[in-house]
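A short reminder: the numbers here are calculations on the coordinates, not readings from a lab. Because the structure is a prediction, the values reported are computed rather than measured. For neighbour counting, all protein chains shown are included, and Cβ atoms are generated from backbone atoms with ideal geometry for every residue, glycine included.
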Amino acid sequence: MASSLTKKASLAEEIWMGGVTSGVNHTSPGRPLAVNEMKDAIVHLFAEANRANLDVFHELLAPEFISYGGAGFQDLNGPEAFKQLYIQFFQSLPDLAFRVTHVVTEGDTCGVRGVLSGTHKGNFMGFAPPTGKFVCWTGTALMRFNKNGMIDTRWQEWDGLSVMQQMGVVPGAPASDANLPDPAAPQALTCEYTTPHSNKNIFKQLVDELWNKGNLDFADGVFHPQAVYAGHPELPTGSQGLKASVAMLRSAMLDLQAEFKTVLADGDLVLGWFSQSGTQTGALMGVPASGKKATWGRIIIARFAGGQIVESWSNEGVLELMQQLDVGGGASAGA
């Protein structure tokens with residue numbers, strides 16, 4: 001099993017880097033899509049899925065489509081497999097809805113973040129008997145479009161831990177309610193304008209300085225003093241929120257490192273997707289030191305104004321991390 005998972009992860013990395021294709025070429029007539037067309041396609045995809053028109057997956061997903069699960073979920077090959085995943089979700093959450101909140105697009109890739117919600121009326125993925133509770137969580141996916149204007153690959157990070165907590169599978173209450181409105185972002189301190197390219201470079205340097213070098217104070221010059229962390233109201237405002245989050249990781253994993261998979265810049269938004277890895281030598285989120293090495297993903301969307309980050313949204317593979325530390329179950333059939 002371990003070798004199979006390693007092979008899948010390796011293929012996902014190769015596809016992401018453009019080293020291999022994800023399958024046979026799609027030969028139906030088509031053309032590359034412009035940025036706004038890709039955004040429209042993403043919004044259309046989820047709007048139709050919300051209406052339970054699941055044929056939309058065959059309309060927009062290429063025959064060679066692969067969805068890389070992450071967070072302990074299996075990979076899915078082809079539009080039909082992704083359609084069957086949605087059917088599983090509807091069986092558990094008949095009123096399932098995905099509310100798109102952000103679409104960040106650059107090149108051939110769209111990052112889409114949203115809030116998912118539904119009433120838990122059926123067994124969820126075989127390990128969560130129905131509770132009748134309304135559950136709500138966030139997720140961010142990256143979808144790559146091929147030269148024929150169809151989605152051929154998908155990667156994701158989602159708040160699986162919150163789902164498990166709301167369904168009573170994992171003890172504890174979620175840190176926040178994903179269905180609450182985002183807190184108001186502060187006004188920019190200056191009228192300084194930074195280009196998408198500049199914002200992208202600032203974001204990349206931020207992650208390198210904090211995660212890889214442990215220079216937490218670097219964040220002070222990047223964040224507005226009252227910057228908010230939407231979805232994580234438990235974090236202090238300004239740079240202190242991110243510094244506290246990274247400090248917690250670094251205290252438990254002295255060899256903590258981050259490696260970018262991609263960074264997308266679109267207007268005043270930057271989406272950064274990166275892997276985090278480290279050896280757990282200290283207690284982490286209530287889990288005693290295990291000596292185990294773990295690698296998990298994180299996606300942050302940050303909005304810049306006046307040359308600083310004023311608000312951000314994040315999805316982290318905490319469930320994936322816990323599984324590697326032998327807390328939680330094994331892989332499910334979903335994604």
Gain upon complete extension [Glu59, Leu254; 0.36 nm per residue less C-alpha separation]: 65.5 nm
For His58, His224, His232, order by how many other beta-carbon atoms lie within 10 Å, fewest first: His58, His232, His224
Hey, what D do you get for region 142-217 in µm²/s if you plug the Kirkwood alpha-carbon radius into Stokes-Einstein at 10 °C and 1.306 mPa s? 92 µm²/s
Listed with the fewest Cβ neighbours within 10 Å leading, Phe82, Phe134, Phe274 appear as Phe134, Phe274, Phe82
Report the number of Lys pairs in the chain whose alpha-carbons are under 17 Å apart, with separation of 8 or more residues or on distinct chains. 8
Summarise the long-distance tail of P(r) for region 196-324 by giving the % of C-alpha pairs beyond 17 Å. 56 percent
Distance between modelled label sites at Asn50 and Lys121, nm, 7 Å Cα→Cβ extension: 1.9 nm
Would you mind calculating the gained length between Val327 and His102 on full extension (0.36 nm times residue separation, minus the Cα-Cα distance), in nm to one decimal? 77.9 nm
Does region 122-262 come out rounded, prolate or oblate by the C-alpha gyration tensor, with a ≥ b ≥ c the root eigenvalues, rounded set by a/c under 1.5 and, if not, prolate when a/b is larger than b/c and oblate if not? prolate
Mean Cβ count within 10 Å, highest first, over the residues of peptides 91-102, 300-311: 300-311, 91-102
Taking other Cβ within 10 Å of each residue's Cβ, how do Cys110, Cys191, Cys136 sort, fewest first? Cys191, Cys136, Cys110
Which residues does the label zone of Ala34 cover in region 90-112, counting backbone N under 16 Å from a point 7 Å along Cα→Cβ? 105-108
Convex hull volume per residue for the chain, taking Cα atoms only, in Å³: 129 Å³
